[in-house]
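Beneath this line is the structure, given in structure tokens, with notes to follow.
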Amino acid sequence: EIMRKANELRPKDLDSIMPLATRLAAMGKPEEAEELLHAAARESNNPDRIWLTIAGYHEERNEPEKARDALYEVLSKKEQAPVDMIGAYADLLIRAGDYDQVEAVLADLSEEPVMQSLLRGRLQLAMGNPEEALVSLEEGLRLWPSNTAARYLAGQAAEQMGDYNRALQEYLESHRADHGNKETAMRLVVLLEAMGRGEEALAVLNRYNIKKPKDTDILLAIVRIGHKSNNEQAFNVAMEKVSQIPGQQGRVAAELARLRAEAGGPTVGAAMLERSGLDFTHPINHEALDQFVSYLIDLKRTPAAIRLTQSASRTHPNVAEFHEIRGRALLAGGATPKARAAFEQALALSPDRASALARLAAISAMEGDPEAAVALYDQAAEADPLSADYPWQAARLVMESGDATGFRNRLESLSRLHGENPEATRHLALILMEEDPDRSLALARQSVRFRGGPEALSTLGRIQLSQGNVERAGKTLNRSLE
């Protein structure tokens, strides 16, 4: 029906075409959606407007290469392009990995030193040169100290250099300048929570919530951290707010069940969701279904999980989440080939679905194909660069294969991009214990700082002992035992 309507519309009618293209993409038909948009651009009297819309469409779908090409269609026809459009194009070139072309574009920004410094810093950061990036970003911040984007990137550079005090300082400055910047707020929360500083994380989230009161992700984060920190007021206020947002009943039910199951186990969680009255075959409740299936699997009620997920995926065959959840249930029931097919179906509908890629990776590892598994985990990490779990799983497989050099290289990358992962920094600290004692000690302390637990303390004590600091090593090892 959508395709029929699209064919009936004049392609240049952008206001009517755009919603149809978005729905086609959501139904797993991205090629048809793109053809619709490109036809609109070809037949329009104002193609620049449509190409800009197409660039925004691809950027929302995390497709920087296609967004870059769409924006180029506009820039290539302009004798004098707006500065912000040139900056946006340079940013897309960096995100698309076209590093060698960025310098030529930056030359067009010679009269915009702040933007030039910011983009050059972003380029160096993407190329893995955090020290050089910080030099460029500091130059831009000298001219514009309250630039939140530059502050955020400076925090990223400091993280990659292992300077977490500087990173927190830069993120906090960015957050103070703009409480509504979600990227900065969430990065701050990740670091603060990893350090066990839950109340400070709640303060960041609450400030963001004042600016964006209907952001469900933030409200549920307040619920989770408020519960963990025993802050009943924060928990209750956030729960009341999120409950008043239409269409969020499934997410609220899933979060409450998860919190109750932490103390009462899967029986309690499953019972809460069974009594919730939710329609688990409705796409809006996919998170609640996912949680419910986890409890059913834990309780050895796998046949019930399979029936429920098959019903959901049959009712809405174009919902990628339902196929992935069905794959989980099938895998738990021992139907590995069917599970693989379900995950592949989810990826056909949503090619950059990191969790489905990771589940296929786990199947490949289970079937004795670690190389395929590592490649899939790498794809998942590219699709979701904020997750430290996917690159860590890949590193573990490389370690198990006996590739010491490959394992070390992956640990170096992990400690640079995800220094909050205490296991990665702990393993790297042990590898460097004799080769680079100072860095080994710093990494071990970092692992402890990010709550690596008794293993991190044991590693730190071992390294202190190897460096002759017997008294301090004894105290650290006793803490590990405690």
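The values are calculated or read from the model by the stated rules, or taken from the named source; none is laboratory data. In this text, all values refer to a predicted model and were calculated from it rather than measured experimentally. Note: ideal-geometry Cβ built from the backbone for every residue, glycine included; neighbour counts use all protein chains shown. Side chains included, ligands, DNA and RNA excluded: accessible areas come from the protein's heavy atoms. Shrake-Rupley method; radii C 1.70, N 1.55, O 1.52, S 1.80 Å.
Could you state the accessible area per residue of the stretch 223-380 in Å², with a 1.4 Å probe and every protein chain left in place?
Heavy-atom accessible area per residue stands at 47 Å².
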remark   = Here, the stretch 420-465 modelled as identical Cα point scatterers in vacuum has Debye log10 I(q)/I(0) at q = 0.23, 0.32 Å⁻¹ of -0.61, -1.15
query = Amide H to amide H, which residues 5 or more places from residue 299 or on other chains are under 5 Å from it, using H placed in the peptide plane?
reply = none
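How would the stretch 347-427 be classified by its alpha-carbon gyration tensor: rounded, prolate or oblate, with rounded meaning a/c under 1.5 and the a/b versus b/c comparison settling the rest?
Working: a/c = 2.50, a/b = 1.29, b/c = 1.94.
Verdict is oblate for the stretch 347-427.
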key: Kirkwood Rh (inverse of mean 1/r, distinct Cα pairs), the stretch 360-407, angstrom   = 10.5
request  = Compute the distribution of all C-alpha to C-alpha distances in the stretch 105-209, in bins of 5 Å from 0, and list the percent of pairs in each, rounded to whole numbers.
outcome  = 2, 15, 23, 22, 17, 11, 6, 2, 1, 0
request  = Could you work out how far apart the two model spin labels at residue 386 and residue 212 are, taking each label as a point 7 Å from the Cα in the direction of the beta carbon, and quote it in nm?
outcome  = 0.9
query = Given the convex hull over the Cα atoms of the stretch 31-144, what projected area results after averaging over all orientations, in nm²?
reply = 7.7
remark   = Highest mean packing first, using Cβ neighbours within 10 angstrom, the peptides 148-157, 65-74, 470-479 sort as 148-157, 65-74, 470-479
query = For the stretch 145-242, what % of the accessible area comes from carbon and sulfur atoms, probe 1.4 Å?
reply = 47
ask   = Accessible area per residue of the stretch 74-194 at 1.4 Å probe, in Å²?
value = 45
request  = Would you calculate a helix-derived [θ] at 222 nm for the chain, using -39,500 (n - 2.57) for each DSSP H run of n ≥ 4 and dividing by the full residue count, to the nearest 500?
outcome  = -24000 deg cm²/dmol
task = Would you mind giving the three semi-axes, in whole Å and largest first, of the ellipsoid equivalent to the stretch 248-315 according to its Cα gyration tensor?
result = 18, 15, 8
inquiry  = At a 10 angstrom cut-off on C-beta neighbours, averaged per residue, how do the peptides 183-192, 225-234 rank from highest to lowest?
reply    = 183-192, 225-234
query = Given the convex hull over the Cα atoms of the stretch 375-482, what projected area results after averaging over all orientations, in nm²?
reply = 6.7
remark   = For P(r) over Cα pairs in 10 Å bins from 0, in percent, with candidates (i) 4, 18, 27, 27, 18, 6, 1, 0; (ii) 4, 19, 24, 18, 14, 12, 7, 2, 0; (iii) 4, 15, 23, 29, 21, 7, 1, 0, 0, the value calculated from the shown model is option (iii)
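Assigning unit charges at the beta carbon (Lys, Arg +1; Asp, Glu -1) and nothing else, what dipole magnitude in debye, to the nearest 20, does the chain show about its Cα centre?
On the way: 57 positive and 72 negative charges, 381 e Å.
About 1820 debye.
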